[in-house]
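Colleague: Dropping the structure in here first, questions after.
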Amino acid sequence: MLMIEANKLRKEYHIEGVETVALADVTFSIAKGEFVAIMGPSGSGKSTLMHILGALDQPTSGTYVLDGQDISHVSDRDLAGIRNRKIGFVFQSYNLLPRTPAIKNVMLPMMYANVVPAERTERAAKLLTLVGLHDRMGHRSNQLSGGQQQRVAIARALALDPAIILADEPTGNLATTQAEEIMHIFRDLHNEGHTIVMITHEPSVARYAKRVITLRDGRIVSDQKQ
Amino acid sequence: MRVLDLLTTATDSLRLNKMRTALAMLGIVIGIGAVIALISLGQSSQNSVASQINSLGKNLITISPGATVSGGVRGAAGGRTTLTLDNAQKIAEAASSLSIAAVSPEYSTRSQVTVSTTNTNTQIIGGTTSYENVHAVTMSSGSFIGQSDLDSSAKVAVLGPTVASTLFSDTTSAIGQTIRINRTAFRVIGIMTAKGGTGFQNPDDMIIIPLTTAQQKYGVKNVSSIAITANDGVDLTTVENQVGSYLLTLHNISDTSSADFTIRNQQDLIGAATKVTSTLTALLSGIAAISLLVGGIGIMNIMLVTVIERTREIGLRKALGATSGVVITQFLTESIFLTVIGGALGIVLGGILTAIAAKVLNMSASLTVPAIVLAVGVSAGIGIIFGWYPAQKAAHLSPIDALRFE
Ligand SMILES: Nc1ncnc2c1ncn2[C@@H]1O[C@H](COP(=O)(O)OP(=O)(O)OP(=O)(O)O)[C@@H](O)[C@H]1O
Ligand SMILES: [Mg+2]
């Protein structure tokens with residue numbers, strides 16, 4: 001069963017009359033349960049693609065079907081709901097709420113989904129335990145190391161059991177040992193059946209994935225299983 | 001989003017950014033506090049002037065000798081002696097047709113008053129029994145002048161509280177004592193209750209003696225003024241005109257412009273005084289408006305300065321599933337929270353400032369509702385608009401643009 005079907009996705013930016021084609025008619029699909037790494041040189045359009053896959057941005061043209069639903073032409077409001085329930089996004093710079101306890105960060109998507117408060121606390125605690133932070137739940141985001149912050153972000157991404165986990169250079173800001181810890185979490189999630197798409201520059205990180213898509217100048221130049 | 005979530009998200013955010021919260025709140029508190037205090041003081045001074053004038057007597061109309069000054073030129077010749085006791089009696093006889101309740105002819109002058117070695121210079125008023133009613137006099141001890149005192153031109157005196165305490169160290173024992181007005185001995189028969197007042201026409205700083213006694217003692221036949229109480233519920237200006245034309249007939253004058261007396265009613269007096277104090281209130285309100293503006297700019301600055309941090313926060317919240325509507329509601333809740341608490345503290349501050357100022361200026365002042373409504377309305381408006389405006393702009397960015405915002 002297909003989780004992602006991207007058909008001729010195109011993204012253009014127009015700045016002061018200069019046109020940049022960040023994505024040039026990209027077509028590919030990802031099946032349920034796959035672990036895919038996206039690689040490519042800087043400026044090749046990886047993040048642009050990821051933002052469209054994450055419903056954070058809309059393509060200039062082309063269609064995008066996520067978990068059986070075409071979301072290339074839905075309203076802003078519905079898009080918010082899709083980001084909330086279907087997508088778990090992990091950013092390179094963690095993007096936690098400043099000075100806010102870890103557990104509250106994990107509970108945030110559940111609040112927007114109107115999950116009852118008791119269930120939020122219980123599930124957030126469970127997820128933080130899963131990423132090895134059971135003793136850091138009350139710590140504020142600024143009292144955590146980079147690796148710990150990224151683990152909070154992963155727990156947050158898993159909050160509503162999303163259809164797909166998207167990660168844009170999740171280890172980009174981390175030292176090697178911390179990066180490995182994060183990748184072990186992703187590997188475990190993959191083994192449990194989660195669908196994961198991850199951008200990375202580092203071959204050592206890409207090794208964890210089962211398939212590598214390489215972009216250059218907004219086009220797919222290679223797509224290999226490994 | 002649940003209401004409880006909105007509230008806890010707002011309080012969390014305000015608690016986590018204590019400095020920002022404190023600064024924004026400070027602007028609101030000072031703005032509202034200053035405005036409330038200034039407007040309350042202005043209005044209270046207006047009210048206190050009006051109530052002081054009212055304490056001089058209710059529905060009061062005063063006739064004094066001499067013509068009205070109009071256009072800088074005296075309208076007609078007329079000395080200071082055109083009013084007589086007889087005029088007052090004639091007016092009193094026509095009381096029911098003129099819609100008046102009481103008539104008080106008065107002779108007023110200043111004299112030296114002594115008790116053993118203490119002496120003072122004060123206003124002496126010759127009055128009749130009507131004086132007590134017309135000027136709303138109440139006695140703190142003893143009694144007022146009676147009809148028998150008038151009939152016998154008795155040498156008795158009623159003291160204002162200020163005079164009494166100047167002349168007697170122990171005012172309770174003053175009744176029955178002798179005072180000397182220009183060396184003539186008078187027996188003190190009563191002391192009036194304080195009305196509160198200052199200046200030249202202070203109602204507490206005077207001595208009242210029988211009118212007949214005063215005319216004999218000072219060798220005059222005229223009176224210095226006739227005070228009239230109009231009936232309740234009638235228009236003072238109408239009564240004033242009726243009394244005026246009646247007096248013109250008594251004086252055999254047919255032309256109003258050559259009247260040899262002047263009539264004023266209390267409403268005019270209050271009007272004139274109110275004009276002065278309302279200018280004062282306007283001035284205070286102007287200062288208040290400036291403090292409100294400064295407070296508002298303070299709030300605005302704080303809200304705008306945090307825009308970068310908050311835009312990223314909005315991007316994040318949207319990335320995690322908040323709709324634009326939810327984000328705006330959330331920010332609005334925060335602003336309302338801030339202004340409600342700041343407003344409440346501001347009202348308290350305003351009350352304290354008003355009380356202190358009232359104490360220092362020795363006047364009675366209290367918070368007035370319009371002041372509170374105005375101050376809270378304006379600051380709440382500023383707080384909410386400047387909290388909401390950047391939020392609603394950011395809420396309509398795409399989540400990615402908001403996250404990248406710098
Ligand atoms: N908001 C934007 N406005 C204009 N141009 C943009 C914008 N975002 C991206 N681009 C352009 O689109 C192209 C692709 O950018 P993108 O961020 O997707 O690259 P990337 O592959 O993620 O690079 P990196 O590895 O450095 O993160 C670049 O040329 C970039 O300049
Ligand atoms: Mg990138």
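Where a number appears in this text, it was derived from the coordinates with a stated rule and is not lab data. Note that the coordinates shown come from a computational prediction; the quantities given were computed from them, not determined experimentally. Quick reminder, even Gly has a Cβ in these numbers, built from the backbone with ideal geometry, and neighbours come from all protein chains shown.
Colleague: What is chain A's relative contact order, in percent, from Cα pairs under 8 angstrom and six or more apart in sequence? Show your work: numbers first, answer last.
Modeller: Working: 445 pairs, mean separation 64.7, N = 226.
Relative contact order, chain A: 29 percent.
Colleague: Rounded to the nearest 500, what is chain B's calculated 222 nm mean residue ellipticity when only DSSP H runs of at least 4 contribute -39500 (n - 2.57) each, over all residues? Can you show the working numbers first?
Modeller: Numbers: 13 runs with 225 residues, N = 406.
Using -39500 (n - 2.57) per qualifying helix, the result is -18500 deg cm²/dmol.
Colleague: Right, something else. Rounded, prolate or oblate, given the Cα gyration tensor of chain B, with a/c below 1.5 counting as rounded? Walk me through the numbers before you get to the answer.
Modeller: On the way: a/c = 4.25, a/b = 2.71, b/c = 1.57.
Cα axes put chain B in the prolate bin.
Colleague: Tally Lys and Arg at +1 and Asp and Glu at -1 over the other residues with C-beta under 13 Å from the C-beta of B:Ile314: what net charge comes out?
Modeller: On the way: positive: B:Arg310, B:Arg312, B:Arg317, B:Lys318, B:Lys393, B:Arg404; negative: B:Glu309, B:Glu313, B:Glu334, B:Asp401.
Here the count lands on +2.
Colleague: Along the charge dipole of the range A:70-127, pointing to its positive end and built from +1/-1 on Cβ of Lys, Arg, Asp and Glu, which listed residue (A:Pro109, A:Thr121, A:Val90) has its Cα farthest out?
Modeller: A:Thr121
Colleague: Okay, next question. Modelling each spin label as a point 7 Å along the Cα-to-Cβ direction, I'd like the A:Ser42/B:Val305 distance in nm, to one decimal.
Modeller: About 3.4 nm separates the two model spin labels.
Colleague: Return the average number of partner chain Cβ atoms within 10 angstrom of each residue Cβ along peptide B:12-22.
Modeller: Numbers: counts 5, 3, 0, 1, 7, 2, 1, 0, 0, 0, 0.
Across the residues of B:12-22, the mean count of other-chain Cβ atoms within 10 Å is 2.
Colleague: A further question follows. Out of residues 5 or more away from B:Thr82 or on other chains, whose amide H comes under 5 Å of its own, with H placed 1.01 Å from N in the peptide plane?
Modeller: For B:Thr82, whose amide H was placed from the backbone, the distant partners under 5 Å are B:Gly66.
Colleague: Once the other residues with Cβ under 15 Å from the Cβ of B:Arg2 are scored (Lys, Arg +1; Asp, Glu -1), what is the net sum? Intermediate values should be presented prior to the final figure.
Modeller: Numbers: positive: A:Arg120; negative: A:Glu119, B:Asp5, B:Asp12.
So the environment of B:Arg2 carries a net charge of -2.
Colleague: How high is the relative contact order of chain B, in percent, counting Cα pairs under 8 Å that sit 6 or more residues apart?
Modeller: Working: 739 pairs, mean separation 122.6, N = 406.
30 percent.
Colleague: Additional query: Please sort by residue number the chymotrypsin sites (Phe, Trp or Tyr not before Pro) in the range B:116-216 whose DSSP state is loop and whose Cβ has at most 12 other Cβ atoms within 10 Å. The partial results should precede the final answer.
Modeller: Numbers: sites: B:Tyr131, B:Phe144, B:Phe168, B:Phe186, B:Phe200; in loops: B:Phe144, B:Phe168, B:Phe200.
Hits after loop and neighbour filter: B:Phe200.
Colleague: Next up: Could you run the Karplus curve 6.51 cos²θ - 1.76 cosθ + 1.60 with θ = phi - 60° over the range A:74-89 and give me ³J(HN,Hα) per residue in whole Hz, x for Gly and Pro?
Modeller: So the Karplus estimates, Gly and Pro as x, are 9, 5, 3, 4, 5, 4, 4, x, 5, 4, 5, 9, 9, 10, x, 9 Hz.
Colleague: So what are the ³J(HN,Hα) numbers for the range A:176-191, from phi and the Karplus equation (6.51, -1.76, 1.60; θ = phi - 60°), rounded to whole Hz, Gly and Pro as x?
Modeller: Calculated HN-Hα couplings, in order: 3, 5, 5, 4, 5, 4, 4, 5, 5, 5, 4, 4, 4, 4, 4, 5 Hz.
Colleague: What are the residues whose amide H is under 5 Å from the amide H of A:Ser72, where those residues sit 5 or more places off or on another chain and H is modelled from the backbone?
Modeller: It is A:Tyr64, by chain and number.
Colleague: Something else: What list of ³J(HN,Hα) couplings, whole Hz, do you get for the range B:260-277 from phi and the Karplus terms 6.51, -1.76, 1.60, once you set θ to phi - 60° and write x for glycine and proline?
Modeller: 9, 8, 10, 10, 10, 10, 4, 4, 4, 5, 4, x, 5, 5, 5, 4, 5, 6
Colleague: Might you report the magnitude of the Cβ-based charge dipole of chain A about its Cα centre, with Lys and Arg at +1 and Asp and Glu at -1, to the nearest 20 debye? Present the calculation step by step, with values, prior to reporting the outcome.
Modeller: Details: 25 positive and 24 negative charges, 97 e Å.
I would put it at about 460 debye.
Colleague: Any chance you could run the full-extension gain for A:Glu5 through A:Glu122? It's 0.36 nm times the residue separation minus the Cα-Cα distance, nm to one decimal. Can you show the working numbers first?
Modeller: Working: separation 117, 0.36 × 117 = 42.12 nm, distance 3.44 nm.
Stretched out fully, the A:Glu5 to A:Glu122 stretch lengthens by 38.7 nm.
Colleague: Where in chain B is the longest stretch that carries no trypsin sites (Lys or Arg not before Pro) classed as loop by DSSP and with at most 14 other Cβ atoms within 10 Å? Can you show the working numbers first?
Modeller: Values: sites that count: B:Arg2, B:Arg80, B:Arg183, B:Lys221.
The longest such stretch corresponds to B:222-406.
Colleague: Which value, in debye to the nearest 20, gives the size of the charge dipole of chain B about its Cα centre, when Lys and Arg are +1 and Asp and Glu are -1 at the Cβ? Let's see the in-between values first.
Modeller: Working: 25 positive and 22 negative charges, 190 e Å.
With Lys and Arg at +1 and Asp and Glu at -1, about 920 debye.
Colleague: Would you kindly state how much longer the chain becomes between B:Thr238 and B:Gln177 on full extension, computed as 0.36 nm times their sequence separation minus their alpha carbon distance, in nm to one decimal?
Modeller: Numbers: separation 61, 0.36 × 61 = 21.96 nm, distance 4.50 nm.
In short, 17.5 nm is gained.
Colleague: Check which residues have an amide H placed less than 5 Å from B:Gln112's amide H, if you skip close sequence neighbours.
Modeller: B:Asn182
Colleague: Quote the charge dipole size of the protein assembly as shown about the Cα centre in Debye, to the nearest 20; the model charges only the Cβ of Lys and Arg (+1) and of Asp and Glu (-1).
Modeller: Values: 50 positive and 46 negative charges, 204 e Å.
Using Cβ point charges on Lys, Arg, Asp and Glu, the protein assembly as shown gives about 980 debye.
Colleague: How many nm is it between the label spots at A:Ala24 and A:Lys225, if each spot is 7 Å from the Cα in line with the beta carbon?
Modeller: 2.9
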